[in-house]
Amino acid sequence: MSRKPKHRDAIVQAALTLFRRKGYSGTGLNDIVELSGAPKGSLYHYFPDGKLSIAEAAVRQAGENVARTLNDLAVDHKTPGKLVRAYATLLAGWLAKSKFRDGGPITTTLLETAPGDPKVTAAGRDAFALWREPIASRLAAQGVSAARAERLAGFAIAALEGSLIQARVEGHAGAIEGCGRELEALFDSVTKEARR
């Protein structure tokens, strides 16, 4: 059985936190080393290509984290409307807890690196695909065509990501909560129509 890399996870987690708060450009390697508690040599050992390879790993990890959250919520929230509303409620709580210092889990990094870096860009595409899947599955289970379910899931992710930015700027979660309510109403209407 292989050993788990000793400092890699701490480096990625530190980068996730710092990129959300300070952006990719505003975060230095020394900041990541300091927050992670990892020796600087570990950073270059696990990420020989430097900060961009850390950004790729951070975007992939954040993508998996959000997908896991959405999949967990999907267990308790059987309709797509309730699923996105529950996720919006979580986002609003997380952002408020950070006193509106955190940004979206991957948005701040992608805005500064995509499409310039193909690996980070690919990690972002993969993350968004993971996020759409549980929402699209719930829509399809309610009779929405696969193509429309995929488009609506993409719309939901785009709307929620945008609401995070707006809430951070405004310093309150109203935009996220409103987005969740409107997405729930839209999805309830779409699924009701699909079942006719």
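Selection of helices (runs of 4 or more DSSP H) fully inside the stretch 106-196 by the criterion of at least 2 residues being modelled with pLDDT under 95 and hydroxyl-bearing (Ser, Thr, Tyr) returns 107-113.
In this structure, residue 171 qualifies as under 18 Å from residue 90 (Cα atoms) and either free of Cβ contacts under 8 Å to residues at least 24 places away in the same chain or surrounded by fewer than 21 Cβ atoms within 10 Å (Cβ to Cβ) (or both).
Counting only residues that are of a type in the set (S, T, N, Q) and over 17 Å from residue 168 (Cα atoms), the stretch 98-126 holds 2 of them. Considering (1) among the hydroxyl-bearing types (Ser, Thr, Tyr); (2) in contact (Cβ under 8 Å) with a residue 60 or more places away in the chain; (3) farther than 17 Å from residue 179 by Cα, the lone condition that residue 145 does not fulfil carries the number (2). Among the residues making up the stretch 61-104, those that are β-branched (Val, Ile, Thr) and over 21 Å from residue 27 (Cβ atoms) are 69, 75, 79, 84, 89. With the condition kept exactly as written, say whether any residue in the stretch 99-110 is of a type in the set (Lys, Arg), closer than 23 Å to residue 22 by Cα and touching a residue at least 40 places away in the same chain (Cβ under 8 Å). So far as the stretch 99-110 goes, yes, one or more of its residues are of a type in the set (Lys, Arg), closer than 23 Å to residue 22 by Cα and touching a residue at least 40 places away in the same chain (Cβ under 8 Å). The set of residues from the stretch 85-105 being crowded, with 16+ Cβ neighbours inside 10 Å and assigned to a loop (DSSP other than H, G, I, E, B) comprises 100, 102, 103, 104, 105.
Residues of the stretch 65-110 that are among the polar types (S, T, N, Q) and over 17 Å from residue 156 (Cα atoms): 65, 98, 108, 109. Residues in the stretch 183-196 that are of a type in the set (Asp, Glu) and either surrounded by 17 or more Cβ atoms within 10 Å (Cβ to Cβ) or within 29 Å of residue 23 (Cα to Cα) (or both): 184 alone.
The values are calculated or read from the model by the stated rules, or taken from the named source; none is laboratory data. Since the structure is predicted, the reported quantities are computational estimates derived from the model, not experimental observations. Because the Cβ atoms are built from the backbone with ideal geometry, glycine has one as well, and the counts that use them run over all protein chains shown.
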